[in-house]
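Right, one structure below, let's go through it.
Nothing in this text is a laboratory measurement; each read-out follows from the coordinates by a stated rule. Just so it is clear, the structure is predicted and the values come from calculations on it, not from any experiment. Cβ: placed from backbone, ideal geometry, glycine included. Neighbour counts: every protein chain shown.
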Amino acid sequence: MAPPAQSQRSQSPSQPSGKSEVSDLKLQLRQLAGSRAPGVDDSKRELFKKVISYMTIGIDVSSLFGEMVMCSATSDIVLKKMCYLYVGNYAKVNPDLALLTINFLQRDCHDQDPMIRGLALRSLCSLRVANLVEYLVGPLGSGLKDSNSYVRMVAVIGVLKLYHISASTCVDADFPSTLKHLMLNDSDTQVVANCLSALQEIWSAEASTSEEASREREALISKLVIYYLLNRIKEFSEWAQCLVLELVTKYVPSESSEIFDIMNLLEDRLQHANGAVVLATVKVFLQLTLSMTDVHQQVYERIKAPLLTLVSSGSPEQSYAVLSHLHLLVMRAPYVFSSDYKHFYCQYNEPSYVKRLKLEMLTAVANESNTYEIVTELCEYAANVDIPIARESIRAVGKIALQQYDVNAIVDRLLQFLEMEKDYVTAEALVLVKDLLRKYPQWSHDCIAVVGNISSKNVQEPKAKAALIWMLGEYSQDMQDAPYILESLVENWDEEHSAEVRLHLLTAVMKCFFKRPPETQSALGAALAAGVADFHQDVHDRALFYYRILRYNVSVAERVVNPPKQAVSVFADTQSSEIKDRIFDEFNSLSVLYQKPSYMFTDKEHRGPLEFADEIGNLSIGEATDNVVSSQRVEENDKDLLLTTAEKEETRAGHSQQASFGIDDLLGLGMPAVPNVPSPPQLKLNTKAALDPSTFQQKWRQLPIALSQELLLSPQAVAALTAPQALLRHMQSHSIHCIASGGQSPNFKFFFFAQKYEESSNYLVECIINTSSGKAQVKIKAEDQSTSQAFSTLFESALSKFGTP
Amino acid sequence: MLQCIFLLSDSGEVMLEKQLTGHRVDRSICDWFWDHVISQGDSFKSQPVIASPTHYLFQVVREGITFLACTQVEMPPLMGIEFLCRVSDVLSDYLGGLNEDVIKDNFVIVYELLDEMIDNGFPLTTEPNILREMIAPPNIVSKVLSVVTGNSSNVSDTLPGATGSCIPWRAADPKYANNEVYVDLVEEMDAVINRDGALVKCEVYGEVRVNSHLSGLPDLTLSFANPSILDDVRFHPCVRFRPWESHQILSFVPPDGEFKLMSYRVKKLKSTPIYVKPQLSSDAGKCRVNVLVGIRNDHGKTIDSITLQFQLPPCILSADLTSNTGTVNILGNKTCSWSIGRIPKDKTPSLSGTLVLESELERLHVFPTFRVGFKIMGVALSGLQIDKLDLKTAPSRLYKGFRALTRAGEFEVRS
């Protein structure tokens, strides 16, 4: 693979600057528009090509819209395709001009050639202009009944596109039930697959508001549908198979014979050439057998070979994704892969992200029988040209040592590393030897002999230097010249830039002092003096502490600094088993690659129906900073998993509650109060609350989201909201104050805060209102979590009164 | 569900943008991505799946072209990666190679292909046979044809019959005057050899490639003399699973043209066809290198295009290397490549010379890994043998051909 050249952000010389070329094109297109001369199609094609290439480079050619549409009356299919592409790209920003294209697209929908019918229908649905949906229903209806499967296939996806533009139009035309019929009866499997994916999306989105839709969604994973799809699975394209398999994982078989039937049927999918199919099948197998422990173990054996093949025969990118999944499996069943450790040996040419995962796999599969060989192999990598990998492999050796297999041989290897005279190898090895000694103090004798030979001048990295100093202090009675080395280090106090090293140095000198007082006394004095004068707060404090405790009572000081030590038996694991289980549930998803459950990294808005993703999708990176913050916050909150789940349920409760409101409003009952929810405890708000913006910002970042919901605004409210100020005054009369607001019609964004009466407990609210859809996205954060529900009700009622006189 | 696909050139320029859903992805994501790549130093080093502040990005780099796909929702990762790999395969198949110019020249075809391969973020068909019927590739024949007939459309008039047939990989009813089918065994040997000459790992990855030009709906069976040596196998969708399960017979209706019927792996092989013995000894700021290459056990077939490549350690100032056979080149990035070709009968090829280390270094601590290349025609080193190929209802004239080839895959010798 050719390495990419240095990046040049400059534009390529051939790239035109825009304006004059575009108007030139406009003129030429206009000349050609009416012409019927022979060969005109060829010149049109050249022009269209130019237009599209400008569009691709990023030049705005939307001003040519009219001319392009005029030229589109042609029978040449390539011209048509280019025109469709152009129209699809600019229709959304030019809704008025898009109307011009409807005519010719509709005509093309009745063309003789099924290909043109299909393409026209696809483009028609890709215009995504809300006020043109009325023109879509007819062609879609006939498209779904078309005799050609290509057209039907396009039409099915078209229905889904329509649903995203205008859900009500789609439901009113009864398209979902047509799709259901097609799904169960069409002869073409691609049509079936498209129906399935469309229905999944539509019904999941509808399920929150309609009982029937949620029943239909359940019906998708009924025995009838699942068996129907499974029986045809070999006819599906590989991608459609992935979709079906994903659905099957959600199916709960009623008896165990079903499980075996399904697995028998799907067994050959494990041999499929497409890795995505293999992985989806693996997921089905694992999920089906979760409750049957012994079969589950057999499944591990069965899926092993196909997965290992994927690792070694695919592209590096595929290997990476599969290895991430293997890593997950190996955590649950290390013994399964322990005899296949050679698969995880690194090849010289592999990219480092693959090597890194392979190293993790090697550490994970190491056991009594293979440790020797694995460690031998890892030691080869220590001499690797790729320095980060060399470091990782030394760390891997250390991790294996801490797993307690064959420690004897490993310690020898580590000590050899120390003698390799390469600074980064020495550095990594020192850190490991330190950890090892904390776990296996019995090896101190051998290690100290080697460590004593290392000149502290050759160790530069702070972590390694700290480790060396720690050992000097801890084992000063065994190392002849420990006090003198420490003394020389203290003398160079000012040249030591890392606070961590200085902290370790202070402690080490103390320890050494209690073991060999006469030799260390002067060094201790110097270290304490330097420490107290240190500008770093921690170093200063620790030095002062040592100084005072020494003055107070030397034997107490000794007990503090040199207590009898116990060997560490288990180092704290970085990831809880609960998180690992969650990731396992999300097998075959991105969360496995990030090694985090998806709620920790995907934004909440995007997990449900893609309601608001449109606006967010349009954000450019520069403005997206608050997104980042929110994902970080989710991560912080994860320390308390239980809390987060509870919160999620609460959110869901909020949704359904809101949904029932929506229906009530639709029926025109106009019930102002909360219908069947027990009335919340009265919450009084402080009318004169105050909060400065920076505190708000800080609290917003710290607090978890207590509630997030979507509210519907009354038409009066939408009408009243011409500028943000109107809402501000209204909310203030309800003791909810605004701290920041912005946006232009139809999108407004507000940050509100409120304070509990006679208490300084704050509520923070982010409210995004879209006046065109009449919806408000509300996120509430509360310092006092227990009253967040009550506050939410208050906020809701305040908002609902907006616009009413 | 993918939301957008970008094709970036090796300088980070957006060559192509294909929005797939209503959730438009802003181009600024490419700038973010490119900055990210630069901060990693090399696009090859950064991971295939990255989380940007707004989207999750899949990237696959082929021939300097970055295929970038964006999504905001959870999805099977391999689906994204596999799809991008297929896109790059299909494009390079269509355009006869991949590079910046060829994509810019043919971007209309690329758009057309993407249009058929994915709709609303969900992959439809990536089967090259089917695509070929919907969009004709820009080859010389069609260029000539367009000049002659004046019809320059590159879209075939007919819709692919297979979209309606139950064998999605096969076009309906091709007709040939000469019925031919060729089966090739193509194997790659992956091996790691330690500095003491011990085989750490040695296995063969093999593919059975079939090129079929058969009329009608041919039903083929292919059997091996020794199928038991195959370790794990993967099949083209056309292979029926049951006959393989019970009798290790490949029974299939082939796609038209060339395709990969199956891939397999044969593990734990005991020997390699050639040996490489590197010796490095260093002291006093110099390192003497001596590498011998020879045939280990004779398969009776000539071993061709033997090459040896290794990366000189960064701490080396200069290198003076000569060989008694073939040519030695030291490239700009400190890669030394020695091309031997065939091994002569009368002498053993050897490479020798000295490396001068950086001034403060006494001895060499980083040892290079030698990557070996070779090619052997007419033999499958795994030992796999084809027994016979049968065609149900054989046409009157049928020509069957078999070939085998083994080359070095990741063949590494450590020193």
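Here is how the numbers come out for the structure above:
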item	result
Long pairs among A:LYS145/A:LYS234; A:LYS355/B:LYS286; A:LYS234/B:LYS260; A:LYS457/A:LYS515, criterion Cα-Cα beyond 20 Å	A:LYS145/A:LYS234; A:LYS355/B:LYS286; A:LYS457/A:LYS515
Under-5 Å amide H pairs with B:ARG62, H placed in peptide plane, nonlocal only	B:PHE67
Intensity falloff of region A:242-331 expressed as log10 I(q)/I(0), Debye formula with alpha-carbon point scatterers, at q = 0.19, 0.21, 0.23 Å⁻¹	-0.86, -1.03, -1.21
Simple spin-label estimate for A:ALA690 and A:GLN416 in nanometres, 7 Å along Cα-Cβ	7.2 nm
Cβ crowding within 10 Å averaged over residues, with A:252-262, B:265-275 ranked highest first	B:265-275, A:252-262
Ranked A:HIS325, A:HIS497, A:HIS164, criterion: other C-beta atoms within 10 Å, fewest first	A:HIS497, A:HIS164, A:HIS325
Global geometry of region A:35-126, whether rounded, prolate or oblate, following the gyration tensor of its Cα atoms and the 1.5 cut on a/c	oblate
Karplus-derived 3J(HN,Hα), 6.51/-1.76/1.60, for each residue of region B:84-92, Hz, glycine and proline x	4, 4, 5, 4, 5, 5, 4, 5, 6
Convex hull (Cα only) mean projected area of region A:203-289, reported in nm² to one decimal	5.9 nm²
Average partner coverage of A:82-90, which counts Cβ from other chains inside 10 Å	2
Relative exposure of A:TYR372, A:TYR546, A:TYR135, judged by other C-beta atoms within 10 Å (fewest first)	A:TYR372, A:TYR135, A:TYR546
Computed FRET value (nearest 0.05) for B:GLU362 with A:ASP494, which takes r as the C-beta separation and R₀ as 35 Å	0.65
Shielding score for B:20-33, defined as the mean number of other chain Cβ atoms within 10 Å	5
Linear extension gain, A:GLN697 paired with A:SER760, 0.36 nm per residue minus alpha-carbon span	21.0 nm
R0 of 60 Å, Cβ-Cβ distance A:ASP581-B:ASP93: FRET efficiency to nearest 0.05	0.90
Cα gyration tensor, region A:357-439 - rounded (a/c under 1.5), prolate or oblate	oblate
Cα-based Rg / Dmax (Å) for region A:732-781	12.2, 39
Neighbour-limited loop hits for trypsin sites (Lys or Arg not before Pro), region A:95-160 (at most 13 other Cβ within 10 Å; DSSP other than H, G, I, E, B)	A:LYS145
Chain B: C-alpha gyration tensor shape, a/c 1.5 cut-off, then a/b vs b/c	oblate
Neighbour-count order for B:GLU360, A:GLU235, B:GLU245, fewest beta carbons within 10 angstrom listed first	B:GLU360, B:GLU245, A:GLU235
Rg and Dmax [Cα atoms of region B:1-58; Å; Rg one decimal, Dmax integer]	11.2, 34
Kirkwood hydrodynamic radius (C-alpha pairs) into Stokes-Einstein, region A:248-392, 37 °C and 0.692 mPa s, D in µm²/s	201 µm²/s
Distant-in-sequence amide H partners of B:GLY206 (H built 1.01 Å from N, under 5 Å)	B:GLU188, B:TYR264, B:ARG265, B:VAL266
Loop-resident sites, region A:696-779, for chymotrypsin sites (Phe, Trp or Tyr not before Pro), counting at most 16 other Cβ within 10 Å (DSSP)	A:TYR757
A:ASP42-B:LYS347 pseudo-label distance in nm [points 7 Å out on the Cα-to-Cβ vector]	6.2 nm
For region B:57-66, Karplus couplings with θ = phi - 60° (6.51, -1.76, 1.60), whole Hz, Gly/Pro x	10, 9, 10, 9, 10, 9, 6, x, 9, 9
Karplus-derived 3J(HN,Hα), 6.51/-1.76/1.60, for each residue of region A:394-400, Hz, glycine and proline x	5, 4, 4, 4, x, 4, 5
Calculated [θ] (222 nm, deg cm²/dmol) that DSSP helices of n ≥ 4 give over chain B, each run adding -39,500 (n - 2.57)	-5000 deg cm²/dmol
A:LEU27-A:SER204 FRET efficiency (beta carbon distance; Förster radius 60 Å; 0.05 resolution)	0.75
